[in-house]
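Everything below concerns the one structure shown next.
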Amino acid sequence: MNTFAKEALGGLVLIGRMTALPGKREELLQLLEEAVALCGQHEPDGALTAIFHTSPASPDIVVLYEHYPSRVSLEEHRANYERIPAYGQMRARMNALLALPVEIVEVATPAVRFTRAASPEREE
């Protein structure tokens, strides 16, 4: 039987959409991976989760989901693009791969997460 663990969440979630130039989605995803590593170096209280989604129906679209522990941590992340030269350089590289500006779809407060509990290994 599959069961789910329930966990109350706080903080802030940002959901965005990025439209890569035709054929540049994989390069954009690689750059986003570099961006996560950069944030990890400079933001001790930064995003708890960063997930990047793609769709076979829209091959140039990347939907991003970032969960921050607080509004302050999200604001600090945004301010780093002005304060830290490497962030500005990363943004310039990212903008060169985009067909449209990044669209922030939603900023929301997460309420609850359900995670499937691990099931015991099946014997064959």
Inset, instruction - Could you calculate the FRET efficiency of ARG91 with ARG17 from 1/(1 + (r/R0)^6), where r is the beta carbon distance between them and R0 is 25 Å, rounded to 0.05? - result: 0.90
Legend entry - Over the chain: helical MRE at 222 nm, DSSP H runs n ≥ 4 each giving -39500 (n - 2.57), nearest 500: -11000 deg cm²/dmol
Legend entry - Ratio Rg/Rh [Cα only; Rh per Kirkwood] for region 78-122: 1.26
Inset, instruction - Go ahead and set up a Gaussian network model of the chain, Cα springs under 10 Å, then flag whichever of PRO44, PRO56, PRO110 fluctuates most. - result: PRO56
Inset, instruction - Pop out the ³J(HN,Hα) list for region 45-55 in order, Karplus 6.51 cos²θ - 1.76 cosθ + 1.60 with θ = phi - 60°, rounded to Hz; leave Gly and Pro as x. - result: 10, x, 3, 7, 9, 9, 10, 10, 10, 10, 9
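Size of the dipole of the chain about the Cα centre, Lys and Arg at +1 and Asp and Glu at -1 on the beta carbon, nothing else charged, in debye to 20?
Around 280 debye, computed over the chain.
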Legend entry - Inter-label distance, nm, simple model (7 Å from Cα along the C-beta direction), LEU31/ASP45: 3.0
Legend entry - Listed values (1) -1.02, -1.24; (2) -0.94, -1.23; (3) -0.87, -1.10, entry calculated as log10 I(q)/I(0) by the Debye sum over Cα atoms at q = 0.18, 0.21 Å⁻¹: (1)
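All of the numbers you see were taken from the coordinates with simple rules; none came from a lab. Everything quoted here is computed from the prediction, not taken from an experiment. Positions of Cβ are backbone-derived with ideal geometry, glycine not excepted, and every protein chain shown enters the neighbour counts.
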